[in-house]
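**Student:** Mind looking over this structure? Questions follow.
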Amino acid sequence: LKERIKVGGKAAKGKKAASKFIVDCTTAETDSILDVGNFEKYLKERIKVGGKAGNLGENVNVGKDKSKIVVTATAETNFSKRYLKYLAKKYLKKHQMRDFLRVVSTNKATYELKYYNIQENDDDAGDE
């Protein structure tokens, strides 16, 4: 009886699901500010696995789906969504787009590149 419970416990655990993160670059690409292929290449070169950049191997996959970047990590690697945001912001800064675009989380697994909401109030400036 005890052996059966142990075997059942091990079988019940199973594998942890792979994490999948998406960076939606639709707005930036439609205005032809951002090249998604270039951004994908940047991520492939910069993502660190095991402390080494560009060492993706079988653990992390970076792909492009139209104007979206899809990063899939296996359960063995601890890949965080926050790290993806860090790399996206670093890319924007490198290409001088950080002043126009920001990285915003739209749901649990997705980031989106959006424009800053800049509203100029010319009427208020004249009153002072």
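The values are calculated or read from the model by the stated rules, or taken from the named source; none is laboratory data. Bear in mind that the values here come from a model prediction, so they are computed numbers and not experimental data. The protein model used for the area step is the full one, side chains on, heavy atoms only, and it has no ligands, DNA or RNA in it. Shrake-Rupley method; radii C 1.70, N 1.55, O 1.52, S 1.80 Å.
**Student:** At a 1.4 Å probe radius, carbon and sulfur cover how many percent of the accessible area of the range 39-128?
**Tutor:** Working: 2640 of 6130 Å².
Looking at the range 39-128 in its full context, I get 43 percent from C and S.
**Student:** OK, next. Please list, in order along the range 57-64, the HN-Hα scalar couplings obtained from phi with the Karplus expression 6.51 cos²θ - 1.76 cosθ + 1.60 (θ = phi - 60°), rounded to whole Hz, x for Gly and Pro.
**Tutor:** x, 8, 6, 10, 10, 10, x, 10
**Student:** In whole Å, largest first, what are the principal axis extents of the Cα atoms in the range 16-123?
**Tutor:** 57, 25, 25
**Student:** Let me ask you something else. Taking only protein heavy atoms into account and a 1.4 Å probe, give the accessible area per residue of the range 31-128 in Å².
**Tutor:** 67 Å²
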